[in-house]
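One structure below.
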Amino acid sequence: MSLVKDPPSPHIVELFEWFKDSKTLVLVMEYLETFTTLASFLDNTGPLQESVARTLMVEIVQSAKECAQHGVCHLDMHVCNIMVKLIDFGGGKLIGG
């Protein structure tokens, strides 16, 4: 992550700092308040419209490309490691309102 942080990418979570001792690796990363994993997103939405699937795939490929341009291969890219930003609150409602 430290190899792909300069310059910061809108497609990759930013790593601010990391610490390691003999048993533990601690990563201090960007806080993603309005994001969910792709796995949760798919569980909640069901089958995706082609335009949504296309947009997600373009962003996933772009993030992998940016990693490769920095000499990094992720090796663990799957639906639980991919974050989706929640958008389009047009159908939303206030809780308790």
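The values are calculated or read from the model by the stated rules, or taken from the named source; none is laboratory data. No experiment lies behind these values; they were computed from the predicted model shown. A quick note on method: Cβ atoms are made from the backbone with ideal geometry, for glycine too, and the neighbour counts reach across all protein chains shown. Ligands, DNA and RNA are excluded from the accessible area calculation, which covers all protein heavy atoms including side chains. Shrake-Rupley method; radii C 1.70, N 1.55, O 1.52, S 1.80 Å.
Structural remarks
- Residue pairs whose Cβ atoms lie under 9 Å apart, sitting 6 or more positions apart in sequence or on different chains, and linking a residue in the range 39-59 that is among the hydroxyl-bearing types (Ser, Thr, Tyr) to a partner that is outside any helix (DSSP H, G or I), are SER40/VAL79; SER40/CYS80; SER40/VAL84.
- Residues in the range 56-82 that are open to solvent by 80 Å² or more (accessible area, probe 1.4 Å) and either under 18 Å from SER9 (Cα atoms) or among the hydroxyl-bearing types (Ser, Thr, Tyr) (or both): 9 in all.
- The range 30-52, residues that are aliphatic (A, V, I, L, M) and more than 12 Å from the chain's Cα centre (by Cα): LEU42, LEU48, VAL52
- Here LEU25 fulfils each of the conditions (1) within 18 Å of HIS78 (Cβ to Cβ); (2) open to solvent by 70 Å² or more (accessible area, probe 1.4 Å); (3) of a type in the set (A, V, I, L, M) apart from (1).
- Subset of the range 9-22 [hydroxyl-bearing (Ser, Thr, Tyr) and open to solvent by 80 Å² or more (accessible area, probe 1.4 Å)]: SER22
- You will find that of VAL61, VAL72, the residue that is of a type in the set (A, V, I, L, M), out of contact with any His (no Cβ under 7 Å at 6 or more places or on another chain) and modelled with pLDDT under 85 is VAL72 and no other.
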